[in-house]
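Undergrad: Before we start, here is the structure in question, set down as structure tokens.
The values are calculated or read from the model by the stated rules, or taken from the named source; none is laboratory data. Nothing here was measured: the structure is a model prediction, and the numbers come from that model. Here the Cβ positions follow ideal geometry from the backbone for every residue, glycine too, while neighbour counts run over all protein chains shown.
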């Protein structure tokens, strides 16, 4: 039995303080593939400028106790996980 977990995300472009255009990945849910069963859990639906498509990426789990809750993507300041809600 193989269970794989994927993040459901969408890209959002923003302008960094240097004027450089960057991409943040807003996470909106998870996709779980368990043998022949697919399960989707959406936490939110994008609003505003969105074309209706999500991207799906395999999660990169870190060992337990590595300073992060297991299953959450690694993020850096300025990415979607640190974005101000409503932007």
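Undergrad: Could you list, in sequence order, all residues of the stretch 52-85 that are modelled with pLDDT of 90 or more and closer than 16 Å to residue 12 by Cα?
TA: Step one: of the stretch 52-85, the residues modelled with pLDDT of 90 or more are 52-58.
Once the filter is applied, which keeps residues that are modelled with pLDDT of 90 or more and closer than 16 Å to residue 12 by Cα, the stretch 52-85 yields 52, 53, 54, 55, 56, 57.
Undergrad: Here's a follow-up. Any residue in the stretch 34-54 that is assigned to a loop (DSSP other than H, G, I, E, B) sitting within a Cβ distance under 6 Å of a residue that is at pLDDT 90 or above and exposed (fewer than 10 other Cβ atoms within 10 Å of the Cβ)? List the pairs, counting only those 6 or more apart or interchain.
TA: So the pair list comes out empty.
Undergrad: Within the stretch 7-23, track down each residue that is surrounded by 17 or more Cβ atoms within 10 Å (Cβ to Cβ) and either at pLDDT below 90 or farther than 22 Å from residue 48 by Cβ (or both). Steps first, answer last, please.
TA: Just the residues of the stretch 7-23 that are surrounded by 17 or more Cβ atoms within 10 Å (Cβ to Cβ), to begin with: 7-10, 12.
Within the stretch 7-23, 12 is the sole residue that qualifies.
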